1. Using a Cα-Cα cut-off of under 16 Å, which aspartates and glutamates could be cross-linked to K147, ignoring same-chain neighbours fewer than 8 residues away?
2. At q = 0.15, 0.18, 0.25 Å⁻¹, what is the log10 ratio I(q)/I(0) for the stretch 210-296, with the Debye formula run over Cα points and no solvent?
3. Explain nothing, just the number: relative contact order of the chain, from Cα pairs under 8 Å at least 6 residues apart, as a whole percent.
4. Please work out the FRET efficiency for the pair K149 and K291, using the Cβ-Cβ distance as r and a Förster radius of 56 Å; give the result to the nearest 0.05.
5. Please build a GNM for the chain, connecting alpha carbons under 10 Å apart, and tell me which residue among P183, P258, P72 fluctuates the most.
6. Give, in nm to one decimal, the length gained when the segment between K60 and A81 is fully stretched (0.36 nm per residue of separation minus the Cα-Cα distance).
7. Report the charge-dipole magnitude of the chain in Debye, nearest 20, computed about the Cα centre from +1 at each Lys and Arg Cβ and -1 at each Asp and Glu Cβ.
8. How large is the direction-averaged shadow of the alpha-carbon convex hull of the stretch 109-259, in nm²?
Amino acid sequence: MKSQTAIKLFAVGLVAAGVTAVDVKPSVAGMFDGVEVRVASFGGKWRKLIESTVGEAFAKEGGKMVYVAGSPSPNFAKLIAARGSEPPFDLMETTDDFLPPLMAKGMLDEIDYSKVPNESALPSQNKTKHGVLTWVTQSSIIYNTEKFKEHGIPVPQKYADLKHPKLQGKISIPDIAGGGVMPCLVGMALEGGGSETNIQPALDLIASLDVKAFWKGNSGLRTLLKSGDVWAACAGVHTMGRLLGVAPLWATHVEVKPGIHGVLKQGWLVKIKGGKNDAARDWIVNHFISKAHQEGVMKGWLLSSRSDVLADYASRDGMDFMRLKPDEVKNMYSIDFSKVDRAAYTEQWNRKVGAGS
């Protein structure tokens with residue numbers, strides 16, 4: 001009885017700490033019997049996808065994935081706090097903005113691609129010695145087709161088109177504190193002749209708009225689009241995908257530079273330096289870029305990192321609100337986060353856009 005009570009208390013402690021083991025039964029025998037790998041990634045439906053496509057397969061080999069829930073920012077903070085001791089997890093799913101500081105601080109191990117056969121399905125730009133691309137979204141202008149037609153508003157071709165008089169009070173822009181702000185902010189800056197080191201054109205444009213809401217979370221933005229309170233928003237195309245058949249929406253990809261349409265936001269899986277069970281980590285990396293997992297990524301309206309999965313979806317009707325063909329994906333802008341100064345951006349935003357956000 002005491003041992004059962006201890007087990008229950010231990011499980012409660014893990015949940016309270018944001019650490020949960022994938023709830024699948026391990027097989028009796030496999031190449032990773034008794035091996036535990038801690039994976040830091042997002043929660044909710046994303047966790048369920050990982051469990052179904054990666055966790056269950058790992059369990060069949062006798063292993064156990066321990067899930068450390070959290071967004072990249074708090075997980076990065078956990079790594080900083082653990083410097084000099086064992087890292088809090090072995091693998092981390094992060095976003096492109098955290099790659100430069102992770103590398104600069106020497107927090108990443110190299111991937112042994114001889115143990116990752118699925119890497120052959122990735123374009124060269126979707127893999128580095130420290131990580132693999134696991135998902136992508138494309139920043140766009142999402143607009144209400146019915147409202148635009150009803151009020152005679154032209155389909156937006158550039159961010160400056162949001163200045164249309166009939167759109168004022170009906171626009172949503174990501175907040176400077178939100179996770180979706182960088183692609184929109186940099187895209188607006190590029191269109192206005194700026195760059196990662198000069199976002200003033202973007203701030204000038206935003207300050208000139210009558211913004212209905214500065215969104216911080218995607219669910220809140222979807223509510224505004226669904227209700228019709230917002231007619232146009234700067235957001236990733238996955239936002240529109242999740243409202244297909246629910247609201248009359250479409251997306252347009254702004255030509256931010258000549259021949260370059262839209263800005264990417266990317267998710268990467270990296271190996272944390274000092275992490276345990278290297279062979280198991282490479283095995284899990286391989287399954288994150290498996291066809292099964294990447295098809296699950298597409299079902300959530302994010303873009304796969306695999307060329308074959310993108311090609312399959314590009315051939316389907318009604319998918320052209322996303323840029324899926326190889327040349328289309330290639331001709332999108334990837335932010336150079338080594339040049340991004342988020343603190344400076346925030347200070348400039350507060351001066352120019354002010355308390356309206």
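What follows is calculated from the coordinates using simple rules that are stated; it is not laboratory data. Fair warning: this is a prediction, and the values are worked out from it, not measured in the lab. Neighbour counts are summed over all protein chains in view; Cβ atoms, including those assigned to glycine, are modelled from backbone coordinates with ideal geometry.
1. Result set, ordered by chain and number: D161, D229.
2. -0.80, -0.92, -1.23
3. 23
4. 0.90
5. It is P258.
6. Extra length available between K60 and A81 comes to 4.2 nm.
7. Dipole magnitude for the chain comes out near 720 debye.
8. For the stretch 109-259, the mean projected area of the Cα convex hull comes to 11.0 nm².
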